[in-house]
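*Asks:* So that we are looking at the same thing, I have put the structure below in structure tokens.
The values are calculated or read from the model by the stated rules, or taken from the named source; none is laboratory data. Just so it is clear, the model here is predicted, and its values are computed rather than measured. No Cβ is skipped: glycine too gets one built from the backbone with ideal geometry, and neighbour counts run over all protein chains shown.
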């Protein structure tokens, strides 16, 4: 009964206040989320479905979609590997530098994406620290696909680790200790005990990470070079189309990006529910 | 211990694999076709889309070689910065000579006398600064003097971030200076009053056009002639009117081969031919089609408005001096902005 107090407190408020607060919250959501989303699709279909689908016949649009998916895939793979390792360390072990690692993981959240992009230009640009060496060896990171992957990875770095650490902590070490006592190796314990126990949290982190990676604009804009049909990701391509007065095409691409986001949202909601269920099973008496 | 080594090794392997895959994706195309990257400024997108198609065709007829020309657009200053930072531009076609000077001076990517290598100071087409007003010209805007009347909301980009906006600023300052009885003091007072009337100071020319046309803000848009004509002919011919002032600046957006990059790519020859193409009749026709003033008067498909045009050299003694006086940190533009 005790944990139901907030709800019953809310029930004690007068219906008028409850109604006003609910209306405010829903109105706010409608203004900032639903209306823009509807506007994107309305603009995209302004000149009919034919004009809408014509936007996707453009080779540059497909290149932008492929590049976005490629950068997202690589960034998510790298960050999942790292995030799983980091969360495992933070959740299951005590070691010196634990707090330092936690703070470092959060760094990309604190830094503006544009600054992150500029950091890479300062490091790997032609006039940057490693620029001359890279130039001599004809390796191009900035203004090419590797730079875009790098920037996307950096910006989405914390998602998996941040999501998994609390789950790892909540699960505790009992199961791992039991597994080791029964003779499992560290490797077996990790794959057969630890990973399955956090799989929904992991999925949730991966989804958040993908969503952020696909929509990334600031950092990628700085390192992209905006070469049409080559280094424009989907968000950058949308900006270019908009600037060229190709509004239907711009909003059509924006609607594709929104659809990806909506699918991600549905997956996220699903993973979130499963994660909470699996956590509740553990903590339930 | 061996396990962690195994993990590290397999991770390194995966990264290498991804890298190799990337090279494989990029590799073959580079071998088969010749590639050229043109790094340009904002309002030339439509022009170079046409030029690229026409030139690639001409090049194939001449040499039998497949040519893939890619383009990158953005604010002129930002684009120059990207080329300095390593964007692999074989040619640059930017908004003002000062930005290409920076590539020569700071990056040593081309010789400092680059502007004398092509006719007309390396400027195959020109433009000027004009006004766009709402249909019926409700505020009665005829010339520069009308822009500083109280209650007139002006839309134009920020000279600190946009190359095009520097032409706006210099046009405003220069015309005040060249008025009968004009002086540095009266020109200074004019631009101070003008920027006080600016309602939205966007970061680039195209952003200002969008603010004026799509968002419907302001009474007058001060912009490139090609940008104004594009808006009039395309988006909304019956919602706006062109107003041509009596005096304005001759805006000269120059072009150049970036020697160092072109040499590394082995594209010097095709890059030169590409820029020469802009001076041919076919190239000039395309410039005129996209509302840039061609150098060959004979190919102007529609007559451009007549007005008195002055150059940066005449009114300001060149870009370098104009930059020192007006645009560098603490320069005249910063001083009048502080007054706003």
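*Asks:* Would you confirm whether any residue within the range B:181-203 is at pLDDT below 90, surrounded by fewer than 24 Cβ atoms within 10 Å (Cβ to Cβ) and within 14 Å of chain A (Cβ to nearest Cβ)? Spell out the reasoning first.
*Replies:* To start, the set of residues in the range B:181-203 that are at pLDDT below 90 comprises B:202-203.
Still in the running and surrounded by fewer than 24 Cβ atoms within 10 Å (Cβ to Cβ): B:202-203.
Right, trim to within 14 Å of chain A (Cβ to nearest Cβ) and you get B:202-203.
The answer is yes, given that some residue of the range B:181-203 is at pLDDT below 90, surrounded by fewer than 24 Cβ atoms within 10 Å (Cβ to Cβ) and within 14 Å of chain A (Cβ to nearest Cβ).
*Asks:* Also, quick follow-up: Has the range A:181-191 got any residue that is crowded, with 22+ Cβ neighbours inside 10 Å and within 14 Å of chain B (Cβ to nearest Cβ)?
*Replies:* Of all residues in the range A:181-191, those crowded, with 22+ Cβ neighbours inside 10 Å come to none.
No, because not a single residue in the range A:181-191 is crowded, with 22+ Cβ neighbours inside 10 Å and within 14 Å of chain B (Cβ to nearest Cβ).
*Asks:* Tell me yes or no: at least one residue of the range B:97-108 is within 30 Å of residue A:142 (Cβ to Cβ), within 14 Å of chain A (Cβ to nearest Cβ) and touching a strand residue (DSSP E or B) at 6+ places or on another chain (Cβ under 8 Å). Don't jump to the end; show me each part of the working.
*Replies:* From the range B:97-108, those within 30 Å of residue A:142 (Cβ to Cβ) are B:97-108; that's our starting set.
The next check asks that each one be within 14 Å of chain A (Cβ to nearest Cβ); those that pass are B:102-103, B:105-108.
Still in the list and also touching a strand residue (DSSP E or B) at 6+ places or on another chain (Cβ under 8 Å): B:103.
Yes, the range B:97-108 has at least one match.
*Asks:* Looking at the range B:193-205, can you tell me whether even one residue there is more than 26 Å from residue B:170 (Cα to Cα) and out of contact with any strand residue (DSSP E or B) (no Cβ under 9 Å at 6 or more places or on another chain)?
*Replies:* To start, the set of residues in the range B:193-205 that are more than 26 Å from residue B:170 (Cα to Cα) comprises none.
Checking the range B:193-205: not a single residue is more than 26 Å from residue B:170 (Cα to Cα) and out of contact with any strand residue (DSSP E or B) (no Cβ under 9 Å at 6 or more places or on another chain).
*Asks:* Within the range B:242-256, work out how many residues are crowded, with 16+ Cβ neighbours inside 10 Å and more than 16 Å from the chain's Cα centre (by Cα). I'd like the intermediate steps shown before the answer.
*Replies:* Within the range B:242-256, the first condition is being crowded, with 16+ Cβ neighbours inside 10 Å, and the residues that meet it are B:243-245, B:247-256.
Of the ones still in play, those that are also more than 16 Å from the chain's Cα centre (by Cα) are B:243-245, B:247-248.
Adding up the residues that qualify gives 5.
*Asks:* If residue B:75 satisfies every condition in (1) within 13 Å of chain A (Cβ to nearest Cβ); (2) under 18 Å from residue B:275 (Cα atoms); (3) under 12 Å from the mean Cα position of the chain (by Cα) but one, which is the exception?
*Replies:* That leaves (2) as the condition not met.
*Asks:* Hey, among the residues in the range A:239-264 that are free of Cβ contacts under 8 Å to residues at least 40 places away in the same chain and away from chain B (no Cβ under 14 Å), which one's nearest to residue A:206 (Cα to Cα)?
*Replies:* So, considering only residues that are free of Cβ contacts under 8 Å to residues at least 40 places away in the same chain and away from chain B (no Cβ under 14 Å), the one nearest to residue A:206 (Cα to Cα) is A:263.
*Asks:* Taking residue B:166, is it under 28 Å from residue B:45 (Cα atoms) and modelled with pLDDT of 90 or more? Working first, answer last.
*Replies:* Values: under 28 Å from residue B:45 (Cα atoms): yes; modelled with pLDDT of 90 or more: yes.
Spelling it out, residue B:166 is indeed under 28 Å from residue B:45 (Cα atoms) and modelled with pLDDT of 90 or more.
*Asks:* Kindly indicate the residue of the range A:121-154 that is in contact (Cβ under 8 Å) with a residue 12 or more places away in the chain and closer than 14 Å to residue A:73 by Cα and also nearest to the other protein chains (Cβ to nearest Cβ) among those meeting that condition.
*Replies:* By that ranking, first place goes to A:145.
*Asks:* Within the range A:232-241, does at least one residue satisfy the condition of being out of contact with any helix residue (DSSP H, G or I) (no Cβ under 9 Å at 6 or more places or on another chain) and not in a helix (DSSP H, G or I)? Spell out the reasoning first.
*Replies:* First pass over the range A:232-241, keeping only residues out of contact with any helix residue (DSSP H, G or I) (no Cβ under 9 Å at 6 or more places or on another chain): none.
No, every residue in the range A:232-241 fails to be out of contact with any helix residue (DSSP H, G or I) (no Cβ under 9 Å at 6 or more places or on another chain) and not in a helix (DSSP H, G or I).
*Asks:* Still on this model: If I filter the range A:216-227 down to residues being at negative phi and buried (at least 20 other Cβ atoms within 10 Å of the Cβ), which single residue comes out as nearest to the other protein chains (Cβ to nearest Cβ)? Steps first, please.
*Replies:* Restricting attention to the range A:216-227, the residues satisfying the condition of being at negative phi are A:216-224, A:227.
Restricting the remaining residues to those that are buried (at least 20 other Cβ atoms within 10 Å of the Cβ) gives A:216, A:219-224, A:227.
Values: A:216: 18, A:219: 15, A:220: 13, A:221: 9, A:222: 9, A:223: 9, A:224: 9, A:227: 5 Å.
Among those residues, the one meeting the criterion is A:227.
*Asks:* Step by step: first the residues of the range A:196-231, then only those that are outside any helix (DSSP H, G or I) and more than 14 Å from residue B:74 (Cα to Cα), then the one that is nearest to the chain's Cα centre (by Cα). Which residue is that?
*Replies:* Of all residues in the range A:196-231, those outside any helix (DSSP H, G or I) come to A:198, A:216-217, A:225-231.
Pick out the ones that are also more than 14 Å from residue B:74 (Cα to Cα) and you get A:198, A:216-217, A:229-230.
Numbers: A:198: 18, A:216: 9, A:217: 12, A:229: 24, A:230: 23 Å.
Per the criteria, the residue is A:216.
Here is a yes/no grid of residues against (1) part of a helix (DSSP H, G or I); (2) at pLDDT 60 or above; (3) more than 10 Å from every other protein chain (Cβ to nearest Cβ):
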site: B:6; (1), (2), (3): yes, no, no
site: B:19; (1), (2), (3): yes, no, no
site: B:26; (1), (2), (3): yes, no, no
site: B:31; (1), (2), (3): yes, no, yes
site: B:45; (1), (2), (3): yes, yes, no
site: B:49; (1), (2), (3): yes, yes, no
site: B:57; (1), (2), (3): yes, yes, yes
site: B:68; (1), (2), (3): no, yes, no
site: B:71; (1), (2), (3): no, yes, no
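*Asks:* Yes or no: residue B:232 within 14 Å of another protein chain (Cβ to nearest Cβ) and part of a helix (DSSP H, G or I)?
*Replies:* On the way: within 14 Å of another protein chain (Cβ to nearest Cβ): yes; part of a helix (DSSP H, G or I): yes.
So residue B:232 passes the test.
*Asks:* Let me ask something else. With the condition kept exactly as written, say whether any residue in the range A:70-86 is assigned by TED's automatic domain parsing to the domain that holds residue A:165, under 30 Å from residue A:194 (Cα atoms) and outside any helix (DSSP H, G or I). It would help to see each step written out before you state the result.
*Replies:* Taking the range A:70-86 and keeping what is assigned by TED's automatic domain parsing to the domain that holds residue A:165, we get A:70-86.
Applying the additional criterion that residues be under 30 Å from residue A:194 (Cα atoms) yields A:70-86.
Next, only the ones that are outside any helix (DSSP H, G or I) stay: none.
Within the range A:70-86 (the criterion being assigned by TED's automatic domain parsing to the domain that holds residue A:165, under 30 Å from residue A:194 (Cα atoms) and outside any helix (DSSP H, G or I)), the answer is no, since none of the residues qualifies.
*Asks:* Return the residue satisfying two criteria in turn: it lies in the range B:79-129 and is part of a helix (DSSP H, G or I) and without any contact (Cβ under 8 Å) to a residue 40 or more places away in the chain, and of such residues it is surrounded by the most Cβ atoms within 10 Å (Cβ to Cβ). Steps first, please.
*Replies:* Keep residues of the range B:79-129 that are part of a helix (DSSP H, G or I), which gives B:79-84, B:97-105, B:114-116, B:119-122.
Applying the additional criterion that residues be without any contact (Cβ under 8 Å) to a residue 40 or more places away in the chain yields B:80-81, B:84, B:102, B:104-105, B:116.
Values: B:80: 28, B:81: 19, B:84: 17, B:102: 18, B:104: 18, B:105: 11, B:116: 9.
Ranking the qualifying residues of the range B:79-129, first place goes to B:80.
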